[in-house]
Amino acid sequence: MGQHYSAFDVFNSPPEANRAYENMEGDEEKDSSGLPQKLISFQFGNGKTASLYIRKMAQDHSHREASSNKRAFEGEEKLIKSKKAKESTDSKKQETTKENTNQLDEHLKEMERLKQEVNEKNAKIVLQDKMITNLVKKVDGMKKGLNRKK
C-alpha cells in the first residue's frame, strides 16, 4: 500500500469550487464528516496509477446573517482581517502542497531508479545461476569420464 498525502486548493469563489467539484468524474460518497466527496483515479505518464478523494467545500452561511448597519460594518472589518489571515495561511498551504508534490515526484523517481537497479541485479543472478548449472554439469561429466577410465 502506498503512502498517503493530502493537498489543499484555494478557489476564487464558492461557485468556482463547486463547479470544479461537479466537473470531476468519480463515484460520489460521504466522508467521515458527512460531506460529499468523489474518488478520482488517474495515470501518470510513466504508467503508474494513483487515486485521490476530492471533497466538496463546506458551506459557511455565517456571513449572510442579518444585523444592524453598524454591526454589519464591524463584521465586514473582521471579515477583511480574517480574509487577510486566511490568504496568508492559504499561501503557506499552497507552498506546502507544491513542496509535497515535488517530494512525491522525487520519491517516484527514486522508486523507479531502485526498481531498475533490482531488475539489473536479478538479471545478473539469473545469468550466474545458468553459469553455475553449466559448470556443475561439466564437473559431473568429467567425474563420469574419470569413473569409466578406472
Practice prompt. Work from the charge dipole of the range 1-59 (Cβ charges, +1 for Lys and Arg, -1 for Asp and Glu, about the Cα centre) and give the residue of Q43, A20, Y5 farthest towards its positive end.
Written response: Y5
Worksheet, complete the sentence: In nm, the gap between the two label points placed 7 Å beyond Cα toward Cβ at M24 and S6 is 1.4 nm
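Where nothing but the Cβ of Lys and Arg (+1) and of Asp and Glu (-1) is charged, how large is the charge dipole of the range 1-59 around its Cα centre, in debye to the nearest 20? Don't skip to the end; give the middle numbers.
Details: 6 positive and 8 negative charges, 27 e Å.
Result for the range 1-59 is approximately 120 debye, rounded to the nearest 20.
Just so you know, all these numbers are worked out from the coordinates, no wet-lab data involved. The model shown is predicted, which means the values in this text are computed figures rather than measured ones. Virtual Cβ from ideal backbone geometry, glycine too; neighbours counted across all protein chains shown.
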